[in-house]
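**Q** Got a structure here, written out as structure tokens. Questions coming.
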Amino acid sequence: MLKLADVCVSYNHIEALKGISLEIKKGEIVTLIGANGAGKTTTLMAISGIVQPTSGEIKFNDILLNNMSSDNIVKAGISQVPEGRHIFSKLTVKENLEIGAFLRNDHKEIKNDFEKIYSVFPVLKERNKQIAGTLSGGEQQMLAIGRALMARPILLLLDEPLLGLAPQVEQMIFKVIKDITQIGTTIFLVEQNVHLALKIANRGYVLETGRIVLEGTPDELLKNERIHKAYLGE
Ligand code: ATP
């Protein structure tokens, strides 16, 4: 579904990604693991068209995404939930979800998708008239994910969805991420909580200073000494 081949990204001549290649197949949850500054967010931003690769290719179902605008990338089926959620805190829950569908004009289907999202996140239905800024951190994260789902993505990019959440809430968000694959959305998950990420992912890639240094199934990665030392604090 998504293929990155030898992708490089630079900020003012400093290379943040130094030729990364990875693949995500339909229906998978793939995680990208790495320390602060490794280039994880840059990878997501390159996929969603916010930064442009200086070389290499990003292909989504054989369509070349390089140089495509972010709007067209959303239309092609890729949505991103940015780190820090960025919900519209003065608008209601429902209004935030409506904004997620702003590039669509299939009004009947949008109505159905509201119901689908409310079935994955019942709390958003209960609070649909509530001002988003008054939701708890976990609820805001659900709203950010729900809003991205309103664009009906084929591929959802999640940037550190657990950041700043309490442990019980982390478990809830993780269950939701699994449920999303049940409604047919593929997931690329950037997460610092390596333990949890490897619990739900089908495969993982490890990024270190702009290079993929390891890839494998959660079992393979969990057996790796480098992973234990660097990311599991053992
Ligand atoms: P974090 O977990 O802290 O978000 P990350 O793995 O997502 O880290 P990136 O944010 O992609 O890493 O950053 C990769 C490198 O690019 C870092 O060295 C960072 O300082 C640099 N970088 C990121 N954004 C910019 C920018 N707008 N201008 C210049 N350098 C940047």
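The values are calculated or read from the model by the stated rules, or taken from the named source; none is laboratory data. Keep in mind it's a predicted model, so treat the numbers as computed, not measured. Quick reminder, even Gly has a Cβ in these numbers, built from the backbone with ideal geometry, and neighbours come from all protein chains shown. Quick note on the areas: whole protein, heavy atoms, side chains included, nothing else; ligands and nucleic acids left out. Shrake-Rupley method; radii C 1.70, N 1.55, O 1.52, S 1.80 Å.
**Q** Can you go through Asn112, Asn66 and tell me which one is at pLDDT below 90 and among the polar types (S, T, N, Q)?
**A** Asn112
**Q** Sticking with this one: Go through the stretch 29-56 and give me each residue that's within 10 Å of the ligand (Cβ to nearest atom) and under 22 Å from Phe174 (Cα atoms).
**A** Listed by number, the residues that qualify are Leu32, Ile33, Gly34, Ala35, Asn36, Lys40, Thr41, Thr43, Leu44.
**Q** In addition: Residues being closer than 27 Å to Gly233 by Cα and touching a Phe, Trp or Tyr at 6+ places or on another chain (Cβ under 7 Å): count how many of those fall in the stretch 1-43.
**A** Residues flagged as closer than 27 Å to Gly233 by Cα and touching a Phe, Trp or Tyr at 6+ places or on another chain (Cβ under 7 Å) within the stretch 1-43 amount to 4.
**Q** Follow-up. Being within 16 Å of Lys75 (Cβ to Cβ) and surrounded by fewer than 20 Cβ atoms within 10 Å (Cβ to Cβ) is the filter here, so list the residues in the stretch 102-125 that pass it.
**A** Pass one, the stretch 102-125, residues within 16 Å of Lys75 (Cβ to Cβ): 102-106, 109-110, 113.
Phe102, Leu103, Arg104, Asn105, Asp106, Glu109, Ile110, listed by residue number.
**Q** Here's another thing I want to ask about it. From the list Lys59, Lys26, exactly one residue is surrounded by fewer than 15 Cβ atoms within 10 Å (Cβ to Cβ) and either away from the ligand (no atom under 13 Å from the Cβ) or among the hydrophobic types (A, V, I, L, M, F, W, C) (or both). Which is it? Reasoning before the result, please.
**A** Values: Lys59 fails: surrounded by fewer than 15 Cβ atoms within 10 Å (Cβ to Cβ).
Going through Lys59, Lys26 in turn, just one is surrounded by fewer than 15 Cβ atoms within 10 Å (Cβ to Cβ) and either away from the ligand (no atom under 13 Å from the Cβ) or among the hydrophobic types (A, V, I, L, M, F, W, C) (or both): Lys26.
**Q** Please state which of the following conditions Ser48 fails to meet, knowing it meets all the rest: (1) surrounded by 13 or more Cβ atoms within 10 Å (Cβ to Cβ); (2) modelled with pLDDT under 95.
**A** So the condition that Ser48 fails would be (2).
**Q** Criterion first (within 16 Å of the ligand (Cβ to nearest atom), touching a strand residue (DSSP E or B) at 6+ places or on another chain (Cβ under 7 Å) and either open to solvent by 50 Å² or more (accessible area, probe 1.4 Å) or of a type outside the set (A, V, I, L, M, F, W, C) (or both)) does Ser21 satisfy it? Walk me through how you get there before you give the answer.
**A** Details: within 16 Å of the ligand (Cβ to nearest atom): no; touching a strand residue (DSSP E or B) at 6+ places or on another chain (Cβ under 7 Å): yes; either open to solvent by 50 Å² or more (accessible area, probe 1.4 Å) or of a type outside the set (A, V, I, L, M, F, W, C) (or both): yes.
No: the conditions fail for Ser21.
**Q** For residues that are loosely packed, with under 15 Cβ neighbours inside 10 Å and part of a helix (DSSP H, G or I), scanning just the stretch 126-136, find the one that is nearest to the chain's Cα centre (by Cα).
**A** Across the stretch 126-136, the extreme among qualifying residues is Gly133.
**Q** Search the stretch 166-183 for residues being free of Cβ contacts under 8 Å to residues at least 40 places away in the same chain and open to solvent by less than 20 Å² (accessible area, probe 1.4 Å), and hand back the single one that is farthest from Glu28 (Cα to Cα).
**A** Ile173
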